[in-house]
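The values are calculated or read from the model by the stated rules, or taken from the named source; none is laboratory data. The structure displayed is predicted, hence computed values, not measured ones. Methodologically, a virtual Cβ is constructed for each residue, glycine included, from the backbone with ideal geometry; neighbour enumeration extends over all protein chains shown.
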Amino acid sequence: MFRRIFIDHPQSVEESYFEHMAFAGRFSLTLFAAGFAALVHALIPCLFEKTASRLIAQMYARTHNRGQ
């Protein structure tokens, strides 16, 4: 059970538990930044016109085909 919860997935993307934790933490912060940029853009359309989509495209590029 312990292995399934904490070890299997990080190994599937060729990371240790702590490497995976750091990657997921940075990913989370980037998602919050993209969400904030999108919210500001919704209120003031001339600000952050491409920020959220750029961040999401970068995140996709980093995660696409990981561990394959």
Completion exercise
Reported set for the range 1-34 where residues are at pLDDT 95 or above and either farther than 28 Å from GLN68 by Cβ or of a type in the set (Val, Ile, Thr) (or both) is THR30
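Pick out the one residue from SER53, SER12 that is out of contact with any His (no Cβ under 8 Å at 6 or more places or on another chain), free of Cβ contacts under 8 Å to residues at least 24 places away in the same chain and among the hydroxyl-bearing types (Ser, Thr, Tyr).
That would be SER53, the only listed residue that is out of contact with any His (no Cβ under 8 Å at 6 or more places or on another chain), free of Cβ contacts under 8 Å to residues at least 24 places away in the same chain and among the hydroxyl-bearing types (Ser, Thr, Tyr).
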